[in-house]
Amino acid sequence: MPELPEVETVRRTLNTLVAGRTIARVQVTLPRIIQRPDDSRHFEAMLVGHTIERVERRGKFLRILLDGLTLVSHLRMEGRYGVYEAGEAVEPHTHVVFAFTDGTELRYKDVRQFGTMHLFLPGEELTAPPLNKLGIEPLSEAFTAEALRALLGRRSSRLKPLLLNQAYVTGLGNIYVDEALFLAGLHPERTADSLRKAEWERLHEAIVATLARAVEAGGSSIKSYVNGQGEMGMFQHSLAVYGRQQQACPSCGESIVKTVVVGRGTHLCLRCQPLKRSRKPSRTASAGGRRSAKKTGSAGE
């Protein structure tokens, strides 16, 4: 599934390709992709005559801003956009075509058919599903080490599922969580409440650095991802642990291992990312210790 760097790359590419173009007609051949409105024919009719102003991103979602409408698009597993001349042959699995008045077309292709599109009036998309429950943007100014610690620091859950939860930090997926945790030297099964302040700072820095480098490289083409011009991302050539099981760790030379955390394949170096348990005593243990100390004190009086 495309993660933040891949979606950001698609956003940038589409901005250069379709901003300023006016929709002459829309054709939907797989109605279930259209989640809002309920009728795909209504979706087609609503878009006619509108001009694309720019393309933005929220987490892993594209926000295509038109004059008077906002289209929210999720690529899911293998959704992709491409711009073509109107006379070019339509490839199999092309499910939505936006034909422009200049004779070009924006086509949405999705082999797995899991992608979704929602159409809103401007601003409504931020207060309704699927965007209304998304967490903080990891490449925004609001994303600081303090903000990350405030979100997750009191939780006893493991780091990896917390970072994958889009309600906390949006845009992160399996690839970049593994890479960021390696860069921060943190085991994916460490509990959030076991991290010290310095470790939160390392994790924040690692998330930002990993995503920034991936965006610069155009994302990672692990399976079928390409940008809006059909070009592959190159960050997969810089991955430190993801997909490198049994290969040497770039830091210490130990073999990268692959395990499973919350049902997701997880890659790490056990030497660079040791599993440290929380040092915080349980309430029961603390209370028992206080009781024992008090009892001992009484006996000695």
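Data table
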| item | result |
| --- | --- |
| Scope the stretch 84-93; condition at pLDDT 95 or above and either within 23 Å of Phe114 (Cα to Cα) or exposed (fewer than 10 other Cβ atoms within 10 Å of the Cβ) (or both); matching residues | Tyr84, Glu85, Ala89, Val90, Glu91, Pro92, His93 |
| Residues of the stretch 13-54 satisfying the condition of being closer than 30 Å to Ser140 by Cα, out of contact with any Ser or Thr (no Cβ under 6 Å at 6 or more places or on another chain) and without any contact (Cβ under 8 Å) to a residue 60 or more places away in the chain | Asn15, Thr16, Ala19, Gly20, His50, Ile52, Glu53, Arg54 |
| Residue match in the stretch 103-111 (condition: in contact with a strand residue (DSSP E or B) (Cβ under 6 Å, 6 or more places away or on another chain), touching a residue at least 12 places away in the same chain (Cβ under 8 Å), part of a loop (DSSP other than H, G, I, E, B) and closer than 30 Å to Thr22 by Cβ) | no |
| Residues being crowded, with 18+ Cβ neighbours inside 10 Å and more than 20 Å from the chain's Cα centre (by Cα) - total across the stretch 110-135 | 2 |
| Candidate set from the stretch 16-45 (those that are part of a helix (DSSP H, G or I) and surrounded by 16 or more Cβ atoms within 10 Å (Cβ to Cβ)); member that is nearest to the chain's Cα centre (by Cα) | Ile33 |
| The stretch 56-93, residues that are outside any strand (DSSP E or B), out of contact with any helix residue (DSSP H, G or I) (no Cβ under 8 Å at 6 or more places or on another chain) and among the charged types (D, E, K, R) | Asp67, Arg76, Glu78, Glu88, Glu91 |
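The values are calculated or read from the model by the stated rules, or taken from the named source; none is laboratory data. These numbers come from a predicted model, not from an experiment. Heads up, the Cβs are rebuilt from the backbone with ideal geometry, glycines too, and the neighbour counts pull from every protein chain shown.
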